[in-house]
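Okay, so here's the structure we're looking at.
The values are calculated or read from the model by the stated rules, or taken from the named source; none is laboratory data. Because the structure is a prediction, the values reported are computed rather than measured. Backbone-built Cβ (ideal geometry, glycine too); neighbour counts: all protein chains shown. The accessibility values were calculated without ligands, DNA or RNA, using every heavy atom of the protein model including side chains. Shrake-Rupley method; radii C 1.70, N 1.55, O 1.52, S 1.80 Å.
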Amino acid sequence: MAWSAEQIESVASSAAAVTAAHPVATPSRWRDLGADERVLWGSFHGSGTEPYDTAVDHIGVGFRCTCPSRRVPCKHALALLIMWSREQVPPGVPVGETDRWAQRRAERASHHGDDEHDGHEPDATPATTDVDDDPPGRDDPPPVPDRDAARNERVEKMMEGLTELDRWLDDRIRTGLADPALARYSTWDDLAARLVDAQAGSLANRIRRLAGLVGATPTWHDDVLAELGLLHLLSQAGRRLGTLPAPLADAVATTVGWHVRRADVLAGVPDTDRWVVAGRSDHREDRIEVRRHWLRGERSGRWALVLSFAAYQQSLDDSLVVGTAIHADLHRYPGPALRALVGTRHAEPAATIFREEADAGLPIGQPPGQTIEDASAEVGRMLVAEPWLDRVPTSVTAAVVHRRDHRTAGDTWSIGDHTGSLPILDRRGPTEAAPRGASSDVDPVTMLLALSGGRPVDLTIEWTPHGIVPLAVHLDGRTIDIGPRADSSFVGAA
Amino acid sequence: MTVDELWSELVTTSLLGTDRRDPPALDGLIGELVADSVRPNPSARMLTAVGACVAVRRAGVQPAAPADPLSPPAADERPECVPAASDRWRHLTSSWPVLEDEWMITLISRGWRLAPELVPAALRRHRRDRVRRARVFVAAGPLAAWLVDHVPELAANASGGSLTPTAREQLGELPELPIPPELTVLLDRSGAEIGGFIAVGVEDGSLAHAHRGVLVNVIARCAPDGLADIADVLGAVDSRSSGHALASVLADLATTRRRMLDELGRPDAAHAASASVTGR
């Protein structure tokens with residue numbers, strides 16, 4: 001039996017939501033409309049290139065829609081109910097994802113009885129989520145078929161998020177970077193929120209960082225356009241994962257935000273080496289402090305990235321000390337990833353081998369010095385594999401130099417040698433937080449000047465599109481960690 | 001058209017948007033890449049071109065032209081203080097600043113050079129105090145002036161400028177600390193006696209937290225050879241005593257000062273021969 005107008009209003013988040021739904025409740029704007037004894041469904045064709053697939057469980061009261069709205073139920077779901085109440089929805093048999101969704105809800109209803117209603121207060125969950133997408137740990141793990149279904153749904157949501165991202169990118173390119181909309185937080189925040197809903201959290205972070213670039217420097221258009229291009233590459237690649245070579249597909253999936261379980265990574269083939277802890281950098285991303293430890297295999301010469309995260313008053317990983325080396329198994333994430341987890345440690349950290357010992361023929365314990373040109377080539381090789389990387393490590397033997405920046409018409413500090421120079425990122429700039437915390441309250445250029453006296457020194461640096469970040473200075477017999485450090489008032493003691 | 005020229009064109013178009021300006025004509029590899037794709041509208045073609053161009057530019061990251069190196073500061077032959085001493089300075093400046101003057105004077109007088117990683121922080125810490133700033137300049141050698149030349153933020157403020165003759169005389173002297181006469185007599189006693197006096201006082205309540213400041217000054221200025229005994233005696237104060245916390249703090253001060261002086265022991269003979277600080 002179709003719902004009454006009062007019943008529809010009772011599930012709407014506001015009267016305005018019902019009002020907004022009425023223009024949408026026009027059968028000519030819908031395709032594949034249908035209703036059975038449990039579910040209503042249909043595809044709404046709006047202004048976008050992709051239709052919104054909408055379904056309503058009128059028995060268990062649940063809603064599903066691929067539109068970007070975070071309101072539950074959205075206007076499309078309400079419109080389905082309105083058309084049904086007007087007897088404008090023909091009877092039918094659900095197919096595809098609607099059928100699977102309906103079956104899952106029916107099964108869940110039979111297991112939980114009336115509990116189903118409790119978890120579905122309006123506005124309690126994002127638009128395309130239902131009981132299958134509760135955060136892990138809230139309930140017992142679902143049975144395997146449910147896990148597969150949940151995985152399929154996550155993939156579907158991610159694809160929808162990527163489609164939405166590309167639509168948004170297209171809007172930016174059509175209307176131009178001079179569009180005043182770029183100065184409004186909502187332009188970025190709304191998309192970031194939708195990407196989070198679509199399980200593409202990494203892309204959401206990129207969008208938030210991108211928002212911080214707008215208007216921040218005289219050349220911000222350049223920086224924003226480059227990032228839009230990379231987001232386009234990722235969204236296109238992410239929507240074609242099945243056609244990509246496996247390593248690239250893995251890299252794209254993890255970059256977009258596909259979660260890889262820690263246990264799965266640790267189950268992979270280890271990369272065993274004597275790993276020099278070459279550098280460290282801390283950066284705040286939204287409300288999380290992220291610590292990057294850059295390790296370099298002495299035998300393989302390969303770089304690896306070990307991440308740790310800390311929310312407010314949580315501790316970052318202090319077990320890796322810059323300037324020491326560990327003999328350990330590293331387990332890399334899928335694809336040509338730099339990111340890895342430290343597995344078995346075969347020995348405790350050993351002091352970095354001093355230069356005198358290196359001269360005696362023993363393996364060195366710091367990244368090898370190389371020219372600026374060779375370091376740039378090393379960075380380029382890593383970016384060929386993953387052009388969207390925004391931080392890449394390398395090592396170099398170089399001096400601090402002062403040069404005129406023709407783009408900004410200001411003086412900048414760089415590191416350089418006879419083969420070239422690379423600008424040092426201005427940490428007062430838009431993409432780097434100022435150094436925080438007591439031990440790193442001297443900016444890196446000053447530390448580099450003090451430690452080198454203007455002479456060439458061995459350095460570990462982090463390349464970013466906006467300039468390099470000096471992380472460590474390797475002196476005779478010791479290493480000084482000068483990387484950006486987390487705010488000690490934010491992270492707790494280890 | 002080079003990739004950089006193409007990028008410049010793309011940036012210009014992106015400012016106006018493809019609704020108002022057509023994307024640039026593409027040639028070369030990027031042109032082939034975009035033409036090879038199914039792109040129904042100018043904005044999609046433009047996005048593809050931007051993505052391809054960014055990937056190519058990043059993969060081919062090129063350094064800028066070489067720049068002239070800086071003229072380094074004059075050489076300083078003194079040995080650099082040991083890492084433990086550097087760590088100690090960081091600890092002192094955060095926990096026991098009363099010992100910092102002695103640390104710096106001892107470092108200079110024993111022929112060490114201030115570790116370079118400490119120089120920026122020391123210069124910044126003493127921008128206002130002429131005497132302490134002058135000590136940093138002596139301890140750091142030519143590097144300090146060179147660094148200030150290149151980093152104006154490290155320059156002295158109005159009150160931290162040039163030294164007066166009086167201030168110059170104070171360079172090698174420890175500043176006097178306020179110690180009441182009844183405690184001043186302790187300075188001539190042995191470590192065991194000083195420690196015993198304080199231990200008894202904190203246990204019977206005659207010395208309490210209100211006396212912390214002057215007791216700190218006593219331990220900061222007593223003869224160094226008694227520091228180990230002071231730490232031992234104060235460390236043995238009954239943990240159930242109300243004065244235990246104060247005794248522990250003072251024991252830590254005594255230990256810290258003793259270790260500080262140990263770490264700044266004279267460099268070996270080879271280094272000591274070339275270490276002449278006072279004339280700099």
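With the crude spin-label approximation of a point 7 Å out along Cα→Cβ, what separation in nm comes out for A:Ser315 versus A:Val384?
Between A:Ser315 and A:Val384, the label points sit 4.3 nm apart.
Testing the spin-label approximation: label points 7 Å from Cα along Cα→Cβ at B:Asp27 and B:Leu15. State their distance in nm.
Each label point is offset 7 Å from its Cα along the Cβ direction, giving 2.5 nm.
Can you give the relative contact order of region B:181-263 as a percent, counting alpha carbon pairs under 8 Å and 6+ residues apart?
Taking the mean separation of contacting Cα pairs over the length of region B:181-263, I get 36 percent.
For the protein assembly as shown, what is the mean residue ellipticity at 222 nm derived from helices alone (per DSSP H run of n ≥ 4: -39500 (n - 2.57); sum divided by total residues; nearest 500 deg cm²/dmol)?
After summing the helix terms and dividing by residue count, I get -12500 deg cm²/dmol.
When the expected Rg is taken as 2.2 N^0.38 Å, what fraction or multiple of it is the alpha-carbon Rg of region B:181-263?
0.97
Specify the inter-centroid distance of region A:1-61 and region A:223-241, based on alpha-carbon positions, in whole Å.
Measuring centre to centre over Cα atoms gives 33 Å.
Restricting everything to alpha-carbon atoms, can you work out Rg to Rh for region A:1-80 with a Kirkwood hydrodynamic radius?
Rg/Rh: 0.92.
Rounded to the nearest whole Å³, what is the per residue volume of the convex hull around the Cα atoms of chain B?
Value for chain B: 264 Å³ per residue.
From zero up to wherever the largest Cα-Cα distance of the protein assembly as shown sits, split into 10 Å bins and tell me the percent of pairs in each.
Bins of 10 Å from zero give 2, 11, 17, 19, 17, 13, 10, 7, 3, 1, 0 percent of pairs.
Using alpha-carbon pairs under 8 Å, 6+ residues apart, how would you state the relative contact order of region B:83-169 in percent?
Reported as a whole number, the value is 27 percent.
Working out 0.36 nm times the residue gap between A:Arg262 and A:Ser4, then minus their Cα-Cα distance, what length gain in nm do you get to one decimal?
Length gained between A:Arg262 and A:Ser4: 87.9 nm.
In whole percent, and with a 1.4 Å probe on the protein chains, what portion of the accessible area of region A:200-316 is carbon and sulfur?
Answer for region A:200-316: carbon and sulfur cover 53 percent of the accessible area.
Which FRET efficiency value, to the nearest 0.05, is calculated for A:Glu50 and A:Thr344 with the Förster distance at 35 angstrom and r the Cβ-Cβ distance?
Efficiency computed from Cβ-Cβ geometry: 0.15.
What are the residues whose amide H is under 5 Å from the amide H of A:Ile288, where those residues sit 5 or more places off or on another chain and H is modelled from the backbone?
Counting only residues 5 or more places away or on other chains, the set is empty.
Set the Förster distance to 45 Å, then compute FRET efficiency between B:Ala223 and B:Ala145 from the Cβ-Cβ distance, nearest 0.05.
The value I calculate is 0.80.
Give me the inter-chain shielding for A:376-388: mean count of other chain Cβ atoms within 10 Å, whole number please.
Mean partner-chain Cβ count within 10 Å for A:376-388: 4.
In region A:173-198, which residues give up 40 Å² or more of accessible area once the other protein chains are added, compared with their chain alone (1.4 Å probe)?
A:Ile173, A:Arg174
Stokes-Einstein at 37 °C, 0.692 mPa s, Kirkwood radius from Cα pairs: D for region B:1-130 in µm² s⁻¹?
The calculation lands on 161 µm²/s.
How about region B:112-134: which of its residues lose at least 20 Å² of accessible area in the presence of all protein chains relative to their chain isolated, using a 1.4 Å probe?
B:Pro116, B:Glu117, B:Pro120, B:Arg124
For A:Asp411 and A:Gln103 in the same chain, what is the full-extension length gain: residue separation times 0.36 nm, less their Cα-Cα distance, in nm?
Stretched fully, the A:Asp411-A:Gln103 segment lengthens by 104.4 nm.
Residues of region B:1-37 with accessible area at least 50 Å² lower in the all-protein-chain context than alone (1.4 Å probe)?
B:Trp7, B:Ser14, B:Leu15, B:Asp19
Return one whole number: the accessible area per residue of the protein assembly as shown in Å², for a 1.4 Å probe.
Solvent-accessible surface per residue comes out at 45 Å².
Using a 1.4 Å probe and counting only protein heavy atoms, arrange A:Arg209, A:Arg38 so the residue with the most accessible area comes first.
Reading off the accessible areas and sorting them downward yields A:Arg209, A:Arg38.
Quick one: if the Förster radius is 60 Å, what FRET efficiency do A:Ala150 and B:Ala236 give, using the C-beta to C-beta distance and rounding to 0.05?
The value I calculate is 0.40.
With every atom except the alpha carbons ignored, what do you get for Rg and Dmax of region B:83-169, in angstroms?
Rg and Dmax of region B:83-169, Cα atoms, are 12.3, 34 Å.
Just want to confirm a number: the relative contact order over region B:3-59, from Cα pairs under 8 angstrom separated by 6+ residues, in percent.
Relative contact order, region B:3-59: 42 percent.
Could you rank A:Lys75, A:Lys157 by how accessible they are, 1.4 Å probe, largest area first?
These residues rank, largest area first, as A:Lys75, A:Lys157.
So, with a 1.4 angstrom probe, what is the percent of accessible area on chain B that is carbon and sulfur?
53 percent
Chains A and B: how much accessible area gets covered up at their contact, both sides added, probe 1.4 Å, in Å² to the nearest hundred?
Rounded to the nearest hundred, the buried surface is 4000 Å².
With N denoting the number of residues in region B:3-59, provide Rg(C-alpha) divided by 2.2 N^0.38 Å, to two decimal places.
Relative to the rule-of-thumb radius for its length, region B:3-59 sits at 1.02.
List the residues whose amide H sits under 5 Å from the amide H of A:Ile482, counting only those 5 or more places along or on another chain, with H placed 1.01 Å from N in the peptide plane.
Long-range HN contacts for A:Ile482: A:Ala472, A:Val473.
Can you grab the distance from the C-alpha centre of region B:38-91 to the C-alpha centre of region A:283-318, Å, no decimals?
Cα centroid of region B:38-91 versus Cα centroid of region A:283-318: 19 Å apart.
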